[in-house]
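To keep things clear, I will list the structure first and then write my remarks on it.
Read-outs throughout are calculated quantities, based only on the coordinates presented, and are distinct from any laboratory measurement. Since this is a predicted model, take the numbers as computed values, not measurements. Reconstructed Cβ throughout: ideal geometry from the backbone, glycine too, with neighbour counts over all protein chains shown.
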Amino acid sequence: MINKQSLVDQVIARLKSDLEKLTNAAKEARDYATDAECKSEGKYDTRGLEASYLAGAQAEKSEELAEAISTLSRIKLPENPARAVTGTLVVVSDVTSGEDDAYFILPAGGGIELETELSENPTTVITPQSPRGEQLINRTPGDFLAGDDSFISEIL
């Protein structure tokens, strides 16, 4: 049996690592933007302005990551779900190739890949708003997915 909370904890750890790196990069960009060496040497020299824009964007992304961590820290994972909902693991099987792909539907952390025994491929974290998430949400085992020869073989 897969421990979904352990997988959520792995996603949170990855996001915390990303947050730490981004926070350090934002601090460096902010320090550079306010450094005396970055002072404009002419009307076309925009290094300081560009660095301040970069620092602002990085700070905004840091806030998004912090919110994602907070959201995942509070998630309630469903036990024995009948349908694919937020907090479920979904295995999708391809009729043609026989290969399985596994997805973990979470409100944040989309794109992160986790090693599980559900598939030979990594389990991919997706959000309900992603194209694949929209295909899977509220579906049940046995449902075929539109546009390909795949069906939901398991929901955990």
Open item on the list: Of Y103, P78, L136, which is farthest towards the positive pole of the chain's charge dipole, taken about the Cα centre with +1 and -1 on the beta-carbons of Lys, Arg and Asp, Glu respectively?
Closed with: P78
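Given charges of +1 on the Cβ of Lys and Arg and -1 on the Cβ of Asp and Glu, with all other atoms neutral, how large is the dipole of the chain about its Cα centre, in debye to the nearest 20? Don't skip to the end; give the middle numbers.
Numbers: 15 positive and 28 negative charges, 136 e Å.
Using Cβ point charges on Lys, Arg, Asp and Glu, the chain gives about 660 debye.
Going by how many other beta carbons lie within 10 Å of each one, how would you line up K4, K21, fewest first?
Working: K4 19, K21 13.
Ordered by Cβ neighbours within 10 Å, fewest first: K21, K4.
If you place +1 on the Cβ of every Lys and Arg, -1 on the Cβ of every Asp and Glu, and leave all else neutral, what size is the dipole of segment 4-73 about its Cα centre, to the nearest 20 Debye?
With only Lys, Arg, Asp and Glu charged at Cβ, the dipole is about 180 debye.
Take every DSSP beta bridge with both residues inside segment 1-147 and express the antiparallel ones as a percent of the total, to the nearest 5.
Numbers: 7 of 10 bridges.
Just about 70 percent of them are antiparallel.
Going through segment 56-102, which GluC sites (Glu not before Pro) have at most 10 other Cβ atoms within 10 Å and a DSSP loop state?
Details: sites: E60, E63, E64, E67, E79, E99; in loops: E79, E99.
Hits after loop and neighbour filter: E79.
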Open item on the list: I need I12, I105 ordered by Cβ neighbour count within 10 Å, fewest first.
Closed with: I12, I105
Task: GNM result for the chain, Cα springs below 10 Å: residue of L49, L114, L19 fluctuating most strongly - done: L49
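Sort S73, S130 so the one with the fewest other Cβ atoms within 10 Å of its own Cβ comes first.
Values: S73 10, S130 17.
Fewest-to-most Cβ neighbours within 10 Å comes out as S73, S130.
Quote the relative contact order of the chain in percent (integer), defining contacts as alpha-carbon pairs under 8 Å separated by 6+ residues. List each step's numbers first, then the result.
Working: 254 pairs, mean separation 30.7, N = 156.
Value for the chain: 20 percent.
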Task: Cβ charges +1 (Lys, Arg) and -1 (Asp, Glu), total dipole of segment 89-155, debye - done: 360 debye
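Once R0 is set to 25 Å, what does the formula 1/(1 + (r/R0)^6) return for the Cβ-Cβ distance between E50 and S17, expressed as a FRET efficiency to the nearest 0.05? It would help to have the intermediate numbers written out before the result.
Values: r = 27 Å, r/R0 = 1.06.
Calculated transfer efficiency: 0.40.
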- [ ] Return a single number: how many Lys pairs in the chain, at a sequence separation of 8 or more or on separate chains, have alpha-carbon atoms below 19 angstrom apart.
- [x] 7
Open item on the list: Computed from the coordinates I sent, percent of Cα pairs over 18 Å apart equals one of [x] 69; [y] 53; [z] 64. Tell me the label.
Closed with: [z]
